[in-house]
Amino acid sequence: MRVVSGSAKGRPLKSVPGSGTRPTTDKVKEAVFSMIGPYFEGGAVLDLFAGTGGLGIEALSRGMESAVFVDMDPKSIDTIRANLKATNLETSAQVYRNEAGRALSALEKRGRVFDLVFLDPPYRLKHGDELMLSMVEKGMLQEDAIIVLEHESSYAYPEDIPGFYRLRQAVYGETTISIYQYEANPSVESETGEEVENESAN
């Protein structure tokens, strides 16, 4: 794995030891950022099931101003810190070991608000939409914030989640990327122009 583009382009990223994490491949990562960026002019990103930290680090490299990384696995936390050091992005990041729901409550108390959120929960957990609604309830999303939800292709999240609409969806073998945009005050119902793509995993 490596940083695909931006200030830390080409820097190698460590993997989490063992087989408990499922890192997003460079190919999928590049495709995701081509859909949501590819570059940013500031903003805050939350990488909630961070694993290696690859997605949040990519966002920082491409122009996000600050990032929060959350994971429960101590090995992941060590890997994220090592990858931030290797990419010289330590000063732009905060890293927390916590369960996702508790982490959101803690971040709410700190008044954190995000422009971009990566949600890549373990495939056995099907609560990405619940976490999105929790962030709305806690006032943690900027207007027009983007949510990148990674999930197994055999499971379908709703196209419309209250407060969100799905911008894009792309399938990469067993992995699906669903991209939602937050609308704090939706006016009239309109077509989203959603595009659905199927890509080879190889």
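The values are calculated or read from the model by the stated rules, or taken from the named source; none is laboratory data. None of the values given here were measured: they were computed from a predicted structure. Methodologically, a virtual Cβ is constructed for each residue, glycine included, from the backbone with ideal geometry; neighbour enumeration extends over all protein chains shown. Just the protein is used for accessible areas: all its heavy atoms, side chains included, with ligands, DNA and RNA removed. Shrake-Rupley method; radii C 1.70, N 1.55, O 1.52, S 1.80 Å.
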Qualifying positions in the range 147-161 - buried (at least 16 other Cβ atoms within 10 Å of the Cβ) and either without any contact (Cβ under 8 Å) to a residue 12 or more places away in the chain or in a loop (DSSP other than H, G, I, E, B) (or both): Y157, I161
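Among the residues of the range 15-30, write down those that are surrounded by 18 or more Cβ atoms within 10 Å (Cβ to Cβ) and part of a loop (DSSP other than H, G, I, E, B).
Pass one, the range 15-30, residues surrounded by 18 or more Cβ atoms within 10 Å (Cβ to Cβ): 16, 21, 23-24, 28-29.
If the condition is that a residue be surrounded by 18 or more Cβ atoms within 10 Å (Cβ to Cβ) and part of a loop (DSSP other than H, G, I, E, B), then V16, T21, P23, T24 are the ones that fit.
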Per-region count, the range 137-169, residues closer than 21 Å to K109 by Cα and over 16 Å from the mean Cα position of the chain (by Cα): 4
Whichever residue in the range 174-191 is at pLDDT below 65 and not β-branched (V, I, T) and, among such residues, is surrounded by the most Cβ atoms within 10 Å (Cβ to Cβ): P186
Pair list, Cβ under 9 Å, 6 or more apart: the range 130-143 residue touching a residue at least 40 places away in the same chain (Cβ under 8 Å), other residue assigned to a strand (DSSP E or B) and open to solvent by 50 Å² or more (accessible area, probe 1.4 Å): L141/D115; Q142/D115
Residues located in the range 1-37, provided they are under 23 Å from M140 (Cα atoms) and at pLDDT below 90: none
Residue identified as open to solvent by less than 30 Å² (accessible area, probe 1.4 Å) and within 24 Å of Y172 (Cβ to Cβ) among F33, F114: F33
Selection count, the range 50-104, where residues are charged (D, E, K, R), buried (at least 23 other Cβ atoms within 10 Å of the Cβ) and farther than 18 Å from F33 by Cβ: 1
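Take the conditions closer than 20 Å to I177 by Cα and free of Cβ contacts under 8 Å to residues at least 24 places away in the same chain and apply them to S34. Does it pass?
Here the answer is yes, as S34 does meet what is asked.
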